[in-house]
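Asker: Sharing a structure below in structure tokens format, with a few things to ask.
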Amino acid sequence: MVTRYFSLRSSVLLLLFLCFAGTATLLAQPGAAAYYAIEEVNIPEEIVLEVGGLAFDDEGKLGVATRRGEIWLIENPYADNPRYTRYAHGLHEPLGLNYRNGSFYCAQRGELTKLTDKDGDGKADSYEAIYSWDLSGNYHEYSYGPVFTPEGDMLVTLNLGWIGRGASLAEWRGWLIKITEDGEMTPIATGLRSPAGFGYNRAGDIFYTENQGDWVGSGRMTHLEPGDFAGNPEGLRWTYREESPLKIQPEAIDDTKGLTLYEYARELDAVKPPSVWFPHTLMGISTSGFVVLDEQFGPEFDGQLLVGDQGHSKIMRVAQEKVNGVYQGASFPFVDGFSSGVLRLEWSPDKEALYVGMTSRGWSSTGPEPYALERLVWNGKTPFDIQSIRSHPEGFELTFTGAPNPVTLADPASYELTDFTYKYHHFYGSPVTDPETRTIDKVTLLPDGKSVVLHLDRLRKGYIYEIKAPGVRNAAGEPLWHGFGYFTLNEIPGGGQMAAAENTGAESETAVTASAKRQTTLPDDWAGGPEQEVIVNTEPGLKYDTRLITLKAGARVKLTLNNPDDMLHNLVIVKPGTADAVGETAMQMGLQGESKGYIPDSENVLFHTALLQPETSDTIYFTAPEEPGNYQFVCTFPGHHLVMRGVVRVVAGES
Amino acid sequence: MMKYLLLFSLALLAACQDQAASGPEEEAGVPGELPYQPLSLDDLSAFRPVAKNWSVAGRALSDHTREHDLQTSEGAGVLVNQPTDEVRDNLFTSWEHGDMELQLDFMMPKGSNSGVYFMGRYEIQLFDSWQVAEPKHSDAGGIYQRWDESKSEGERGFEGHVPRLNAAKAPGLWQQLYVSFRAPRFDEAGNKIENARFEKVVLNGVTLHEEVELTGPTRAAAFSDEVAQGPLMIQGDHGPVAFRNIRYKRYFDERLVLDNIRYQYYEIDGPITQLPDFDTLELVREGETDSLVFEKLSERDERVAYIFTGTLRAPKEGDYLFTVYSDDGSQLFLNGDRIVDNDGKHDFEPMTGKIHLSEGKHDFKLTYFNNNWGKGLLVQYEGPQMPWQPLYGRLPERAQADRPATLVEPKEAPEMVRSFVMHQGEKITHAMSVGDPKGIHYSVDLRRGALLKCWRGDFADVTEMWYQRGQPQLLEPLEMAVETEDAPVAAVLSDMNAVFPEEQPDYFKLQGYDINEAEEPVFKYQVDAATVFDHYQPSDDGRELVRSIRAENAPANLYTRLAVGDYVEAVGNGYYSVGGKYYLRLQSPAGEPTIRRSMDQTELLFPLTTSANEVKYSILW
């Protein structure tokens, strides 16, 4: 059930934050509502609508498959009080829903099921098991889909299990598989880890989204063709089977070579590097379902993709291109502020509204609700922003929406570019690796008046380009709505003479932050040890297990932060009333943020831990402030500071 | 005993963590506990001489519809009581006990009554409580009340303990009882300083009581005083009853002692994932200590390693099991031999080793390391007449989140839930449970069309499925559930000697299920060329689970196996007792069933040959 008190409090915080953020930040400006509205679809109190799948039937009713195994049909979802009917129930955590020819289809944990209401009473009376696959009984074995192929078959993706790391514990887990209506199964591609979102682009090619984790440096989108290997080696344990379209074994993947995934693809044919990366925390943290845009949000975005993010409760935008037969493109921010973790996107039958299905159970999201169903609509006004980025033999071609001011457009100083890559290794995620600032040698204005070519000093194939345009203005003098994107450069038109650069290849674990404000060993002059010992644990849902730490003024304190959660967290002690300011500064640290542990250079920061990987801990020693008062402690990982915080009450010691 | 408390709290710990720690891991061949002592029922020599209402038989059966019905056949292994008005002694063991664990099976005929009195003084009531809606202390598994004759009417009975729920089976079925009992304690002057206690009472797999203190003997005890040791007593003057598989462990006050404990403390640079080579490390500190608690031996808890040594004194010779829980890794050595290897970077998890120790002193060495965060070290042991207990050490402290319980209640129509379900200790991954508003519920394995278990009353607890990420995704019945022997609903048998398959045959597949007018699922299976329809519903009186099976396009020799057990015996009124686990009644038999022996078991088979043949039967438990 929805916990109202929590949503109220967090809504207030979110509101305060939105008002506070006057100038451009990495999150949506208050201006989001000027173009796109998020409308809530009313959910009755007693229905736990943890959305796993969304599909409209042929009568305009919205089918919602929930993680509790139900399929609800919503009549008039746009009305104030839509009518809900329970169409089916008892399914084992379906995480996808589709509809055709009078039947719904869903992938449950262990089965692809077809449901039909034969007697027309509004409830399914036929549940057909089209195909059943093995499960090991691991809770992490989620199964997604189906997506219909043009031939009428069905695509399903299978998540890896989790045993402290991702593992393929049953047949074909970590694979994209195809199943016919008659129940014939063909394995297509592997290397998948958490393939919660997948489907076709306008051109009819299959893509899937991946989440940061072991072997996966950051969220990304990959084009899949039969026989492809997308990166996580666990699924390779099934390639010995006759039906497998690829034959490489798990041992073929060697991360001691220090290659990026892109470089590995040059060595091993089956490896398919991503087409678009979503840099972690800058472009979400857990990419999910996506849809193709036609013109319903303006002709400028026709053919692009809208991609959901579960952890940051937002939707991003992707512009793709194909160069030398290879997909690549840019990811852009779009709209955030959804109420829970965005998992599924589905256009309304009239294509005017985008339904957004959400759940955050088990994986905390910045949106505070445990589940939600909302609708994104456009008011007809196109925001002034980067429309698309395309690769160019000498750099990049950018096109803007609206009417940019040509002076700002042509000025190299309007732009900032940095390129970087990620490591490809068995560790969880990857820091931003080998970043370099690029110099813009010149800017060429194109005849259409809204496009430029940025000519760069150097292009590194296989790298990701952070492209910002903070100096561009429109005719009215306004800045761009978001004004940045991340371009994944796999191919350069005309081949490109610039070869991929060498990267360092050295292993690294947590980004350790050396700082005077983080003392990790017992100070020599603390005879008798610390006077106070504090242990704080993180909890799922962006929380610490305590909201109040009480310290004696001037006391010698030993503080340990344990992070059993599956996200990155830290603990920063700041001066009274400064948690918001410090949190926001941390959010603006951009690409260097992670390597600095998201600790801003600010005198408001008193003491801090390192940024902790999941299931690690950090112990720091410090002397409590002499001045009594209500200091604060907060997690400065981007987006967390709004809710993940508490009070450090420093009280006067005995005289 | 301690071990169960520990496992219980560890289960909570494991449930709070994301990593799957599914329970104690055993070194190959090492048992989880030392064996119980069986009480021989070849004759009555384990008991004090007693009147002839007690005897020994080969088998017991009972017609659950007839009061006090108990049918026996010659032989040994089953203890039988058939009292008359004149002859109705209670039965006492010839040995005495203090702390003990007891397991036994009992068969309670309709309307009958008995009890097990620990030390002849503290009774766990045995009763025909079948279908009692609100059990009392005098119902099956209750801790019987105490009695003060001197009080006025209505106030004489006190301190009876009601079982947590009614876990009783139908009369005439074998029921399983487990009791962990702790005797009262006395000081040197003979004054009682601690009450007797039932640490745990489990009936048919359901825990009824935990940590219940008894201030004195319960009503109708054989003795009115309290002492340190007493005989086990079984009540014989209230009605017929049968027992089998009686086994026990008695505990005395001996324990292992670890003396002269010394520690060596090392610090490691950088992360470690297994026990270091101590020879290459510089000793930071060493000294004497009084336990295996390491936290106070240094300020630092991360990237540390310890060696503990000492002298272990065993009070008697015998087999000892040692379980070492540690986060991270550890190893235990006795007299230079490594008996437990729990090395590696992991959560607070156990490994067990077994060793035969002579009486006297032994060299003890325990190595341990912690990389970071979670830490803890605990050594437990079980020895001859020594229950599971710690050998100095401490559980790590972790706050345990309180989970709100999520239940499924079928209100107006049946509710289906597909989930993982446990069956005979294994996880069934493609299971469905169906709860009916009439209160009869069941779980099936969809891959084999096999009935897994059924229960009566409230439906299901699904908290573990729908709380946070849902680990371990199990649906738990809210009542005592009887597990049936699972097998595919239908199989092709080439002849009457062919073995009925247990696993899913190649030609067997779930097609799906249709929902009928009563909103019940009717399962459909592809079995060779046939389609087999399988449907469950509650009986009209809401007491039995009725199953109907029929086939279309059946090939020759298609059979369904309705029951399998040690025996399948008619007990009267059309019921068969299936190995004493549950009753089966044929409702519309399509011909005569075939009862045959196969693989040392008795099976009840029916052919599924034409679509007109519906095999219909019901189960009662």
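Asker: Counting just the residues of segment A:552-571 that are surrounded by fewer than 19 Cβ atoms within 10 Å (Cβ to Cβ) and of a type in the set (A, V, I, L, M, F, W, C), which one comes out farthest from the other protein chains (Cβ to nearest Cβ)?
Answerer: Only one residue fits best here, namely A:Ala553.
Asker: Something else about it: Taking the conditions exactly as written (at negative phi and within 14 Å of chain B (Cβ to nearest Cβ)), does A:Arg165 satisfy them or not? Working first, answer last.
Answerer: Values: at negative phi: yes; within 14 Å of chain B (Cβ to nearest Cβ): yes.
Here the answer is yes, as A:Arg165 does meet what is asked.
Asker: To continue, here is another question. Of everything in segment B:321-346 that's within 14 Å of another protein chain (Cβ to nearest Cβ) and crowded, with 20+ Cβ neighbours inside 10 Å, which residue is nearest to B:Leu275 (Cα to Cα)?
Answerer: The extreme case among them is B:Asp328.
Asker: Out of all the residues in segment B:571-596, which are farther than 21 Å from B:Asn613 by Cβ, aliphatic (A, V, I, L, M) and modelled with pLDDT of 90 or more? Spell out the reasoning first.
Answerer: Of all residues in segment B:571-596, those farther than 21 Å from B:Asn613 by Cβ come to B:571-573, B:575, B:577-583.
Right, trim to aliphatic (A, V, I, L, M) and you get B:571, B:578.
Within segment B:571-596, just B:Val578 meets the criteria.
Asker: Let me ask you something else. All but one of (1) within 14 Å of another protein chain (Cβ to nearest Cβ); (2) among the hydroxyl-bearing types (Ser, Thr, Tyr); (3) surrounded by fewer than 22 Cβ atoms within 10 Å (Cβ to Cβ) hold for A:Thr186; which doesn't?
Answerer: Single failed check for A:Thr186: (1).
Asker: For segment A:518-546, name all the residues that are more than 13 Å from every other protein chain (Cβ to nearest Cβ) and more than 17 Å from A:Phe607 (Cα to Cα).
Answerer: Correct list: A:Asp525, A:Leu542.
Asker: Checking B:Arg164 against (1) assigned to a loop (DSSP other than H, G, I, E, B); (2) out of contact with any Leu (no Cβ under 8 Å at 6 or more places or on another chain); (3) not aliphatic (A, V, I, L, M), only one condition comes out false. Which one?
Answerer: (2)
Asker: Among (1) crowded, with 19+ Cβ neighbours inside 10 Å; (2) more than 17 Å from B:Asp105 (Cα to Cα), which single condition is B:Gly236 missing?
Answerer: Looking at each condition in turn, B:Gly236 falls short on (2).
Asker: Is it the case that some residue within segment B:475-494 is within 14 Å of chain A (Cβ to nearest Cβ) and buried (at least 18 other Cβ atoms within 10 Å of the Cβ)?
Answerer: Checking segment B:475-494: at least one residue is within 14 Å of chain A (Cβ to nearest Cβ) and buried (at least 18 other Cβ atoms within 10 Å of the Cβ).
Asker: Go through (1) farther than 30 Å from B:Leu620 by Cα; (2) surrounded by fewer than 23 Cβ atoms within 10 Å (Cβ to Cβ) and name the single condition B:Val78 misses.
Answerer: B:Val78 satisfies all of (1) farther than 30 Å from B:Leu620 by Cα; (2) surrounded by fewer than 23 Cβ atoms within 10 Å (Cβ to Cβ) except (1).
Asker: Of the residues in segment B:252-283, how many are within 15 Å of B:Tyr368 (Cα to Cα) and part of a strand (DSSP E or B)?
Answerer: Total meeting the criteria: 8.
Asker: Could I ask something else about it? For segment A:597-634, give me each residue that is among the aromatic types (Phe, Trp, Tyr) and surrounded by 20 or more Cβ atoms within 10 Å (Cβ to Cβ).
Answerer: Correct list: A:Tyr598, A:Phe607, A:Phe622, A:Tyr631, A:Phe633.
Asker: Related question: Taking segment A:51-78 as the region of interest, how many residues are of a type in the set (S, T, N, Q) and either part of a strand (DSSP E or B) or within 14 Å of another protein chain (Cβ to nearest Cβ) (or both)?
Answerer: The qualifying residues number 1.
Asker: Can you pull out the strands (runs of 3 or more DSSP E) entirely within segment A:97-188 that have at least 3 residues that are over 22 Å from the mean Cα position of the chain (by Cα)?
Answerer: The strands (runs of 3 or more DSSP E) meeting that bar are A:98-100, A:103-107, A:111-116, A:126-132, A:175-179.
Asker: Continuing with this model, one more query. Filter segment B:298-308 down to the residues that are among the aliphatic types (A, V, I, L, M) and within 13 Å of chain A (Cβ to nearest Cβ) and list them by number. Working first, answer last.
Answerer: Keep residues of segment B:298-308 that are among the aliphatic types (A, V, I, L, M), which gives B:304-305, B:307.
Result: B:Val304, single match.
Asker: Residues that are out of contact with any Ser or Thr (no Cβ under 9 Å at 6 or more places or on another chain), at least 2 per element: which strands (runs of 3 or more DSSP E) completely within segment B:527-589 meet that?
Answerer: Values: elements: B:530-538, B:545-552, B:558-565, B:568-572, B:575-578, B:582-588.
Filter on segment B:527-589 gives B:530-538, B:558-565.
Asker: Among the residues of segment B:84-119, which ones are of a type in the set (Val, Ile, Thr) and in contact (Cβ under 8 Å) with a residue 40 or more places away in the chain?
Answerer: B:Thr93, B:Val116 - these are the residues of segment B:84-119 that are of a type in the set (Val, Ile, Thr) and in contact (Cβ under 8 Å) with a residue 40 or more places away in the chain.
Asker: Can you find a residue in segment A:360-381 that is touching a strand residue (DSSP E or B) at 6+ places or on another chain (Cβ under 8 Å), assigned to a helix (DSSP H, G or I) and either among the hydroxyl-bearing types (Ser, Thr, Tyr) or under 24 Å from A:Arg193 (Cα atoms) (or both)?
Answerer: Checking segment A:360-381: not a single residue is touching a strand residue (DSSP E or B) at 6+ places or on another chain (Cβ under 8 Å), assigned to a helix (DSSP H, G or I) and either among the hydroxyl-bearing types (Ser, Thr, Tyr) or under 24 Å from A:Arg193 (Cα atoms) (or both).
Asker: Out of the residues in segment B:458-474 that are surrounded by fewer than 18 Cβ atoms within 10 Å (Cβ to Cβ) and within 20 Å of the chain's Cα centre (by Cα), which is nearest to the other protein chains (Cβ to nearest Cβ)?
Answerer: Selected residue: B:Pro472.
Asker: Would you call B:Leu545 crowded, with 21+ Cβ neighbours inside 10 Å and either touching a helix residue (DSSP H, G or I) at 6+ places or on another chain (Cβ under 7 Å) or of a type outside the set (Gly, Ala, Ser) (or both)? Step through it out loud before you land on a result.
Answerer: Values: crowded, with 21+ Cβ neighbours inside 10 Å: yes; either touching a helix residue (DSSP H, G or I) at 6+ places or on another chain (Cβ under 7 Å) or of a type outside the set (Gly, Ala, Ser) (or both): yes.
Criteria met by B:Leu545.
Asker: Considering segment B:415-435 alone, what residues qualify as being buried (at least 22 other Cβ atoms within 10 Å of the Cβ), over 21 Å from A:His140 (Cβ atoms) and more than 9 Å from every other protein chain (Cβ to nearest Cβ)?
Answerer: Answer for segment B:415-435, where residues must be buried (at least 22 other Cβ atoms within 10 Å of the Cβ), over 21 Å from A:His140 (Cβ atoms) and more than 9 Å from every other protein chain (Cβ to nearest Cβ): just B:Gly435.
Okay, residues lined up against (1) at pLDDT below 95; (2) closer than 30 Å to A:Ser364 by Cα; (3) not aliphatic (A, V, I, L, M):
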position: B:Gln424; (1), (2), (3): yes, no, yes
position: B:Pro437; (1), (2), (3): no, no, yes
position: B:Ile440; (1), (2), (3): no, no, no
position: B:Leu446; (1), (2), (3): no, no, no
position: B:Tyr467; (1), (2), (3): yes, yes, yes
position: B:Gln471; (1), (2), (3): yes, yes, yes
position: B:Leu474; (1), (2), (3): yes, yes, no
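Asker: Would you mention how many residues in segment A:292-334 are over 26 Å from A:Pro146 (Cβ atoms), under 13 Å from the mean Cα position of the chain (by Cα) and among the hydrophobic types (A, V, I, L, M, F, W, C)?
Answerer: Looking only at that region, the number is 2.
Asker: Would you confirm whether any residue within segment A:91-105 is of a type outside the set (A, V, I, L, M), within 12 Å of chain B (Cβ to nearest Cβ), in contact with a helix residue (DSSP H, G or I) (Cβ under 9 Å, 6 or more places away or on another chain) and over 18 Å from B:Leu510 (Cα atoms)?
Answerer: yes
The values are calculated or read from the model by the stated rules, or taken from the named source; none is laboratory data. The shown structure was predicted, so the numbers you read here are calculated from the model rather than taken from an experiment. For neighbour counting, all protein chains shown are included, and Cβ atoms are generated from backbone atoms with ideal geometry for every residue, glycine included.
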